[in-house]
């Protein structure tokens, strides 16, 4: 049975992720901080990490970087309400498999989890960049033309 580690400081989000994925037969452990998760991972084995980006102390990005440098790199999915194209580039450089802007449909996360566990190629960061741009787009003032 594949093991998933969830790192989320918001209890209701952590619970929702665990509940939504436990129905698919995964073993799941949850942590409220990246430091706790990192300590656990140093002694235990997991198949996938799902983490919030903004966490107290070590961020999800910092955790992704540590995982990438580890003896056995793990696939990682990041979920965040705070993202930008720049952040997505950093996540991609750190080896993050996919990133979802909150809120997101659970069925999309389930598909990404299956792909990550099956070793499929990364594909969501480009689409996530579009979603973040759409959410953070600032309307441009349109130049008014004077009637001639």
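What follows draws every value from the coordinates through simple rules; no lab data is involved. In this text the structure is predicted, and so the values were computed from the model without any measurement.
Report the extension gain between residue 66 and residue 23 in nm, rounded to one decimal, defined as 0.36 nm multiplied by the number of residues separating them, less their alpha carbon distance. Let's see the in-between values first.
On the way: separation 43, 0.36 × 43 = 15.48 nm, distance 2.93 nm.
Net length gain for the segment: 12.5 nm.
Under the rule a/c < 1.5 gives rounded, and otherwise a/b versus b/c splits prolate from oblate, where does the stretch 3-136 land using the Cα gyration tensor? Provide the component values of the computation, followed by the final result.
On the way: a/c = 1.32, a/b = 1.20, b/c = 1.10.
Note, shape of the stretch 3-136 comes out rounded.
Tell me the relative contact order for the stretch 3-136 as a rounded percent, counting alpha carbon contacts under 8 Å between residues six or more apart. Walk me through the numbers before you get to the answer.
Details: 208 pairs, mean separation 28.0, N = 134.
The value is 21 percent.
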